[in-house]
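Readers should treat all values here as calculations from the given coordinates under stated rules, not as data from a laboratory. Source: prediction; values computed, not measured. Neighbour counts run over all protein chains shown; Cβ positions are idealised from the backbone, glycine included.
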Amino acid sequence: MPSSAKLTTQELTQLGVLLAVAIVLRIAENFFPYLLPLPGARLGLANILTIFVLINYGTNKAGLFLCTRILLVGILSTGLFTPGFLIGLGGAALSFVFMSIAVERNWFSPIGIGLLGAFMHNCGQIIMAVYLLNSIAVFSYLPLLIAIGIPTGLFTGTLANILLKRIKTT
């Protein structure tokens, strides 16, 4: 994992392409709202690329990547600072912190990182929803989100693992 936070032209180009793909994947998920049976539940396909960037480019560049993706998707799709945007942001922030720690300490494989990311994303969403709605009743939704998060985290982690093995960055 590179230690320098400075972006080279090659890295900027690579990250730009990965960012474009992540945005397309995230927006494409909007066209399949009933793929998962719970409101707000998604496959998290863009997380495949977040895991890839986190492992290959490090925490600082992955953080920049994720922030840019969240803002651009907010502008293009969900709307900035709407409740849905803020709930997703809470999930993304919490999952990124935990995935970053796990990658830096080499605790899990990419599949484990995908599972951890999905679980923490669900927890972050619920925490933000509790804050926004000012009601702890929202916690009752967490077991359902986690039940869906396990297979989706396995799926995204497995695809990230395949991508990491097939695409080598310099």
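On a 0 to 90° scale, report how tilted helix 110-133 is relative to the longest principal axis of the chain, with both axes built from alpha carbons and the result rounded to the nearest 10. Taking the Cα atoms of the chain, the angle to 110-133 is about 40 degrees. In the stretch 98-164, the convex hull through the Cα atoms has an average projected area of 4.7 nm², a quarter of its surface area.
Helical runs (DSSP H, four residues minimum) scored at -39500 (n - 2.57) apiece and divided by the length of the chain put the mean residue ellipticity at 222 nm at -24000 deg cm²/dmol.
The modelled label-to-label distance between ALA20 and CYS67, using points 7 Å beyond Cα along the C-beta direction, is 2.3 nm. FRET efficiency for the pair ILE27 and PHE139, taken as 1/(1 + (r/R0)^6) with r the Cβ-Cβ distance and R0 = 25 Å, rounds to 0.25. Taking chymotrypsin sites (Phe, Trp or Tyr not before Pro) in DSSP loop states with no more than 13 other Cβ atoms inside 10 Å as exposed sites, the chain has its longest site-free stretch at 108-170. Across all directions, the shadow cast by the convex hull of the chain built on its C-alpha atoms averages 9.4 square nanometres. Projecting label points 7 angstrom from Cα along Cα→Cβ for LEU132 and THR9 puts them 4.2 nm apart. Counted residue by residue at 0.36 nm each, then reduced by the alpha carbon distance between them, the extension gain from ILE101 to LEU80 reaches 4.8 nm.
Relative to the longest principal axis of the Cα atoms of the chain, the long axis of helix 142-166 lies at roughly 10 degrees. Please give the helix 59-73 orientation as an angle from the longest Cα principal axis of the chain, in degrees from 0 to 90, rounded to the nearest 10. Value to nearest ten degrees: 50.
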